[in-house]
Amino acid sequence: MRRELVEAAAWLLGIVFLACSCGRNDVPEISAEPSFPVADVQASDSVLAERLARLVARTPRIDSAKLAVAVTNLTTGQEVYAHHADRWMVPASCAKLLTAVCALKQLGGEHTYENQLLANGTICDSVLYGCLLLQADDDPLVASFQPFAEALREAGISQIEGGILYRLTRSDTLRPHPSASPWDIPYRQVPLLMSGAKRIENEFRASLEACGVRYHWNPQFAHAWMQAECRTAEPRKYALAVREATHGARLIYSQPHTLLQVLAPMLICSDNAKAEAVLHRTGASLQDFACEVLPERADGLCALDGSGLSPLNRMSARFLTDLLSYAYADTCMWRVLMEDVLATPAAGGRTGTLYGRMSDPVLKGHIFCKTGTLASRGISSLAGYALGQNGCLYAFCILNDDTSVFEARDFQDCLCCALVLGH
C-alpha cells in the first residue's frame, strides 16, 4: 500500500511539472508519460549517481579536486549525487540566480518600473509655459529619451518656456563591486537611468534638441515655488518643487517595464549591469536574504554583488541546488524561471549564453540553466534544472575552478547529457 502511495505521489508531481513546463511556445512540448515505471526511479538514480561519479573521476583534463557538483531529484526530494558539494567556491554569474530569486520573492515578476513625462502649465501655439517633469525609476531597460521627446512633439509641444524638473529613483552612478574588474561595467555601458543625475539630464536635454524641442529657462513661467532649474538647489526645496509640479500635471508619455522583462536578459544573456540594477531595486542584502531562506546552507556564503563579477563571492554547489529547490517549491517563481528567464538550448531567443553549446538533440527542451564564467581566473559554472527522460526533474550545479573554460564547458555539457539520459 505504501509503495502504491509513493508511486501515485511521484506520478502527480511529474504531471504537475510537465503541465507547467509546456505553457510557453519556447518550451517544447514534453510527453506526460514517463519512459518507465515511477517505482524504478530510485534504481535509475542509483545508476545515474554511478555514471556521474565515473564522469567526475575519469574525465581528462578536469581536476576533480577543483570541482564541485550537486544533483537533487526534485520529483522525489532526494539528493542523487554530491562531490565537494559544500565547498565554498566562486560561482561567477550563477550568483545571478540568487539575485533573481531574491527579486522574485520580494518584488514579484509583475513588479513595474514607472517612467513618465509630465507637463504642468499652459500650452499655447506649441509652447509650454510652465514646467516639464521627468519621473524615472532605476529602470535598466530605458536606453534612450528619444521616445519621450517624440511624444512631446506629438502632444503639440515644440518649445518650453519655464523649467525642467527631475524625480529620479537613483541619482548616483551604478558601479561594480570594488573587488571586480572596473571594465566589467564601464560607465558608458551603465543603463541610462542608472548613470547618474548629470548624465540623465544631459541626455534628456540632448534628446529634446534632437527632436526639435527648444528649451528656455524662464523663471517667469516656472512658478514662484521653483527657485532654480538645476539640481544644485537645496535638496529639500527641490523635492518640494517636484512634488508641487506633479499636482495637476498632464501625462505626456509613459514607458513602464516589468521586473520579468529585466530578468530575461539578465539571466539568459547574463547581463551584469541589469543584475546590479535588480539588486539595487530590491534594496536587499543577498547575504541576509540567503540566511533567511536557506539558513542551514548560508553559513560561509559570501555575496558581494548581484552579478557575480566579484572574485570574492563564495557559494557552494549544494547551496545553489537548494536555492533552485526553494524556487521550485514556489509555483509562480518556478514558472518564471522555467518559462521565461533561464537559458535553454535550441530555443531561439532563449539560447543566450548557451549559444554554440549543448548541440546534442537529446538536450533540447530538457535543460534550463544559468551559465557563469570568469575566464581570466579559470572559473566556469552551470546551474539549473534538467528534465530526465524518466520524467523526473533535477536541480543541479557544477562549479569548476582553475580549469580551462573550454574543458569545463565540455564536462558540464556531458554531465547534462547524463542527467537527461539517466545513464
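Please treat every number below as a calculation from the coordinates, not as lab data. Source: prediction; values computed, not measured. Reconstructed Cβ throughout: ideal geometry from the backbone, glycine too, with neighbour counts over all protein chains shown.
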Legend entry - Angle between the chain longest axis and helix 259-268 axis [Cα atoms, degrees, rounded to 10]: 50
Inset, instruction - For helix 272-282, report the angle its Cα long axis makes with the longest principal axis of the Cα atoms of the chain; keep it between 0 and 90° and round to the nearest 10°. - result: 80
Legend entry - Assigned charges on the beta-carbon of Lys, Arg, Asp, Glu; the chain dipole about Cα centre (debye): 600
Inset, instruction - Treating cross-link reach as a plain straight distance, find the aspartates and glutamates whose alpha-carbon is under 18 Å from the alpha-carbon of residue 105, omitting any fewer than eight places away in the same chain. - result: 276, 288, 292, 305, 322, 330, 339, 340
Inset, instruction - Please give the length that would be gained between residue 78 and residue 112 if that part of the chain were fully extended, namely 0.36 nm times their separation in residues minus their C-alpha to C-alpha distance (nm, one decimal). - result: 8.5 nm
Legend entry - Helix 317-329 vs. the chain, principal-axis angle (Cα, 0 to 90°, nearest 10): 70
Inset, instruction - Please state the charge dipole magnitude for segment 240-395, taken about the Cα centre, from unit charges on C-beta atoms (+1 on K and R, -1 on D and E), reported in debye and rounded to the nearest 20. - result: 380
Legend entry - Ranking of 315, 358, 333 by count of other Cβ atoms within 10 Å, fewest first: 333, 358, 315
Inset, instruction - Give the distance, in whole Å, between the Cα centre of segment 60-98 and the Cα centre of segment 161-225. - result: 43
Inset, instruction - Mind putting together the pair-distance distribution for segment 329-382? All Cα pairs, 10 Å bins, whole percent per bin, short to long. - result: 23, 46, 27, 4
Legend entry - Among 241, 202, 143 the positive-end extreme of the charge dipole of segment 115-255 (Cβ point charges): 241
Inset, instruction - Let me know the charge dipole size of segment 115-255 about its Cα centre in debye, to the nearest 20, where only the beta-carbon of Lys, Arg (+1) and Asp, Glu (-1) is charged. - result: 280
Inset, instruction - May I ask for the distance between the Cα centers of segment 321-355 and segment 99-151, given as a whole number of Å? - result: 29
Inset, instruction - Note the full-extension length gain between residue 410 and residue 254 as 0.36 nm times their separation in residues minus their Cα-Cα distance, in nm to one decimal. - result: 51.6 nm
Legend entry - CD proxy at 222 nm, helix term only [per DSSP H run n ≥ 4: -39500 (n - 2.57); per residue of the chain; nearest 500]: -11000 deg cm²/dmol
Inset, instruction - Compute the distance in nm between two label points, each set 7 Å from the Cα along the Cα-to-Cβ direction, one at residue 237 and one at residue 54. - result: 7.9
Legend entry - Positive-end residue of 415, 111, 280, charge dipole of the chain with Cβ unit charges: 280
Legend entry - Extended-chain gain in nm, criterion 0.36 nm per residue less alpha-carbon gap, residue 332 and residue 199: 44.1 nm
